[in-house]
Amino acid sequence: MRDPHIGVMGVLSIICILLLKTAFLSSLDIPSRNNSLILMCVLSRWSLVAAMFLFPYARKEGKAKVFMEGINLRIALLATALGLAVAFFIWKFSGILLFISTAAVALLICRFISRKLEGITGDSLGALNELAEVFILLFILILRGGIHG
């Protein structure tokens, strides 16, 4: 992952992620779309904080190491409280379900990565963010009753 060049699989991954996000957002009605963008950003970033708190860093050095070392219980709890508050404020009980679903997906993704790499890295955190955004939009589409566009 230290290679700065992107390969065919990297390009295909980017295209798939962008197409999925576009398709999911386009399938929502306008009010849901606006709220979805907020929740997608807040909850995917929260998943990064949770991942940094729960999983070890896989390298001796790296750009993400500073962030990993800075995470503590207080920050993790504050981020969790803010994420839950935003989710609840926007969609009440559905927002809480979305938060729990995001947590479950993030945990599964991080466990998979951590088993392969013996921890997480900055690259895996970036991948988690993108995957979490796609899953959040999918969950929103399911919770909001499907396609409206």
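Anything in the stretch 14-37 that is modelled with pLDDT under 90 and not aliphatic (A, V, I, L, M)? List them, or say none. If the condition is that a residue be modelled with pLDDT under 90 and not aliphatic (A, V, I, L, M), then Asp29, Pro31, Ser32 are the ones that fit.
Applying a threshold of 6 Å to beta carbon distances and a minimum spacing of six or more residues, or different chains, the list of pairs starting in the stretch 25-41 at a residue that is of a type outside the set (D, E, K, R) and ending at one that is assigned to a loop (DSSP other than H, G, I, E, B) and surrounded by fewer than 13 Cβ atoms within 10 Å (Cβ to Cβ) reads Ser26/Gly149; Ser27/Ile147; Ser27/Gly149. If the condition is being in contact with a Phe, Trp or Tyr (Cβ under 7 Å, 6 or more places away or on another chain) and at pLDDT below 95, then the stretch 68-89 contributes Met68, Ile71. The one condition from (1) among the hydrophobic types (A, V, I, L, M, F, W, C); (2) under 16 Å from the mean Cα position of the chain (by Cα); (3) assigned to a loop (DSSP other than H, G, I, E, B) that Leu28 does not meet is (2). What are the residues in the stretch 81-95 that are free of Cβ contacts under 8 Å to residues at least 24 places away in the same chain and in contact with a Leu (Cβ under 7 Å, 6 or more places away or on another chain), if any? Across the stretch 81-95, there are no qualifying residues. Pairs needed: first member in the stretch 130-145, more than 17 Å from Ser13 (Cβ to Cβ); second member anywhere, part of a helix (DSSP H, G or I) and among the β-branched types (Val, Ile, Thr); C-beta distance under 6 Å; at least 6 residues apart or different chains. The qualifying pairs are Ile136/Thr102.
The values are calculated or read from the model by the stated rules, or taken from the named source; none is laboratory data. Keep in mind that this is a model prediction, so the values were computed, not measured. Neighbour counts are summed over all protein chains in view; Cβ atoms, including those assigned to glycine, are modelled from backbone coordinates with ideal geometry.
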